[in-house]
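Structure first, commentary second.
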Amino acid sequence: MKKYKCIPCGYIYDPMLGDADSGIAPGTAFEDLPHDWQCPVCFVDKGDFEPIED
């Protein structure tokens, strides 16, 4: 599963870790995040993320 980077703040969403503060379980692909999920650091929408290469 690919990691995604928040363009404005640089936060990395790692699907292997999930986002415990938002109730996102480890193993959740970025594509499977809820439509209204936001960056836990700067609160932008999923559209402000880009895939990164490992």
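List of remarks:
- Exactly one residue out of 10, 27 is surrounded by fewer than 11 Cβ atoms within 10 Å (Cβ to Cβ) and more than 10 Å from the chain's Cα centre (by Cα): that is 10.
- Filtered by the rule that a residue be part of a loop (DSSP other than H, G, I, E, B) and among the acidic types (Asp, Glu), the stretch 3-53 gives 14, 36, 53.
- Selected residue (criterion: surrounded by the fewest Cβ atoms within 10 Å (Cβ to Cβ)) from residues of the stretch 33-47 that are of a type in the set (D, E, K, R) and under 10 Å from the mean Cα position of the chain (by Cα): 45
Each value in this text was obtained by applying a stated rule to the coordinates, not by laboratory testing. This one's a predicted model, so the numbers in the text were calculated from it and none came from an experiment. Cβ sites come from the backbone with ideal geometry, for glycine too, and all protein chains shown count toward neighbours.
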